[in-house]
1. Would you mind computing, in nm to one decimal, how far apart the modelled labels at residue 40 and residue 73 are, each placed 7 Å from Cα along Cα→Cβ?
2. Arrange the peptides 46-58, 23-35 so that the one whose residues have, on average, the most other Cβ atoms within 10 Å appears first.
3. Give me the net charge for the shell around residue 39: Cβ to Cβ below 14 angstrom, other residues only, Lys and Arg +1, Asp and Glu -1.
4. If you take the beta carbon distance between residue 58 and residue 27 as r and set R0 to 25 Å, what does 1/(1 + (r/R0)^6) give as a FRET efficiency, to the nearest 0.05?
Amino acid sequence: MSCSSENLSGKPRCREMLQKILDGDASPEEQREFQEHMQQCLPCYNAYELEMAIRVLLQTRCNGHGAPPELIEKIKQQIQTIR
Ligand SMILES: [Zn+2]
């Protein structure tokens, strides 16, 4: 089962789940479910890794002079490519 085929059949569950995880709205059960899902769904895994990379980047950069917008844009574009 892959993310893209789910998306094609109009099943947005992957993205909803990912968004919830990233927003910190997911229950422990949902988090576990998503962790399992990521192991079979490369698009979700990649999107998750990228989102986390952005967060870390923002956190580290915000302590100094702020994140360089080009870099954030670049990462966002990578996410869009995956989506
Ligand atoms: Zn997925």
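Every number in this text was worked out from the coordinates using simple rules, so none of it is lab data. These figures come from a predicted structure and were not determined experimentally. With ideal geometry, Cβ positions are generated from the backbone for all residues, glycine too; neighbour counts draw on all protein chains shown.
1. Taking the two extended label points, one gets 3.9 nm.
2. Working: 46-58: 15.2, 23-35: 11.6.
Top to bottom by mean Cβ count within 10 Å: 46-58, 23-35.
3. Details: positive: 32; negative: 33, 36, 49.
After counting each charged neighbour, the total is -2.
4. 0.50
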